[in-house]
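The values are calculated or read from the model by the stated rules, or taken from the named source; none is laboratory data. Remember, predicted model here, so these are calculated numbers, not experimental data. Because the Cβ atoms are built from the backbone with ideal geometry, glycine has one as well, and the counts that use them run over all protein chains shown.
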Amino acid sequence: MSNMDDARVMTTIEVPATQTRFPTPVAGQAIVVNRYGSAHRKAVIIHPEDFDLFERYRRIFGARVPHELGLTETAIAANRLGERGADEPDLDVASLDLALGT
Amino acid sequence: MSAPRLRGAIVWAVVPYVPQAPFRVWLGDGQPIATIADATTYARQARRSGLDPEQTFLVEGKLRPVVLLQDRPARRLPEIVALRMVRLETLKARQREAIREHREPSLFHLALQPAKYGLHKEMAVDLNALVRVHASAMLPRAVGALDDSEMRVIGQRLAEHLDIDLEPLIAARVEARLDELTRPAG
């Protein structure tokens, strides 16, 4: 989301918090409401289209959940079998012969 | 002569199991095998009495097919990252069915196609079973291969399985593309 405050992507206009009527937001422009001068932002008003874009970004790049939490019982069972070789009760001789060229 | 393509190849290889406690250490001819309860005990022992430059651990392993994930055209690194495969026959019927119907993203199904995969048993590539294989631990002749589109799917899923954060890479590429599109002509 670093681009959201990048002037190449979105312009900003600043208005004091004491102003009672804010400009109508337009797409691609953020209205920064300053509380104590330009150093302190009280709020930022954006157009609904920009908000939708922001929400999409949040969904795509949202907090990552460790993949392990989504593993199924089958995935775990297969992995445990494979880790100890218990999935192969015998050797796939035909395949091994192919590898050996015999 | 160019090196054979390894990425996607199915090869037979010696695959050791991941070492786990208790650890068994070979101390030399005529010596009993030492058993160390866990990594902390091992570290304390090393701290107390020092260690030889290296130890010989007794680790079980198996000859089994793996799918290679990397090419080594310059042969500069002898170790290759691979994914272990698992045979389906010891799983329950409903589990096998879920894998065949692609409802298990961790298990990439390889149907019984000896001409393509070189395997005579139904298997799945286990996305949770990343291994490194030394070139000398593989049989040189590949028995089969996954095609480019299969490898693309595996690559995408693997990034998720390894919790790799692709956001900075994707964001940088999107930004670069946007810059290209919005750059003034001329």
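Key figures for this structure:
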read-out: Pairs where the first residue, in the range B:158-179, is modelled with pLDDT under 80 and the second is surrounded by 12 or more Cβ atoms within 10 Å (Cβ to Cβ), C-beta under 6 Å, 6+ apart; value: B:Glu167/A:Phe61
read-out: Any hit, the range B:8-17, residues being of a type outside the set (Lys, Arg), part of a helix (DSSP H, G or I) and without any contact (Cβ under 8 Å) to a residue 60 or more places away in the chain; value: no
read-out: Enumeration of residues in the range B:34-76 that are in a loop (DSSP other than H, G, I, E, B) and either surrounded by 10 or more Cβ atoms within 10 Å (Cβ to Cβ) or touching a Cys at 6+ places or on another chain (Cβ under 9 Å) (or both); value: B:Ala37, B:Asp38, B:Leu51, B:Gln55, B:Leu58, B:Val59, B:Glu60, B:Leu69, B:Gln70, B:Asp71, B:Arg72, B:Pro73
read-out: Elements of type helices (runs of 4 or more DSSP H) in the range B:98-186, at least 2 residues being exposed (fewer than 12 other Cβ atoms within 10 Å of the Cβ) and more than 11 Å from chain A (Cβ to nearest Cβ); value: B:148-161, B:167-182
read-out: Any pair with Cβ under 6 angstrom, 6 or more apart, that starts in the range B:84-96 at a residue that is at negative phi and of a type in the set (Val, Ile, Thr) and ends at one that is surrounded by fewer than 24 Cβ atoms within 10 Å (Cβ to Cβ) and modelled with pLDDT of 95 or more; value: B:Thr90/A:Leu81
read-out: Looking only at the range A:64-82, and only at residues there that are surrounded by fewer than 18 Cβ atoms within 10 Å (Cβ to Cβ) and either touching a Cys at 6+ places or on another chain (Cβ under 8 Å) or at the interface with chain B (Cβ under 7 Å from one of its Cβ atoms) (or both), the one that is farthest from B:Leu127 (Cα to Cα); value: A:Arg64
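This table checks each residue for (1) in contact with a helix residue (DSSP H, G or I) (Cβ under 7 Å, 6 or more places away or on another chain); (2) among the small types (Gly, Ala, Ser); (3) part of a loop (DSSP other than H, G, I, E, B); (4) at pLDDT 75 or above.
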{"site": "A:Ala7", "(1), (2), (3), (4)": "no, yes, yes, no"}
{"site": "A:Val15", "(1), (2), (3), (4)": "no, no, no, yes"}
{"site": "A:Thr18", "(1), (2), (3), (4)": "no, no, yes, yes"}
{"site": "A:Arg21", "(1), (2), (3), (4)": "no, no, yes, yes"}
{"site": "A:Ala27", "(1), (2), (3), (4)": "yes, yes, yes, yes"}
{"site": "A:Arg59", "(1), (2), (3), (4)": "no, no, no, no"}
{"site": "A:Ala63", "(1), (2), (3), (4)": "no, yes, yes, no"}
{"site": "A:Thr74", "(1), (2), (3), (4)": "yes, no, no, yes"}
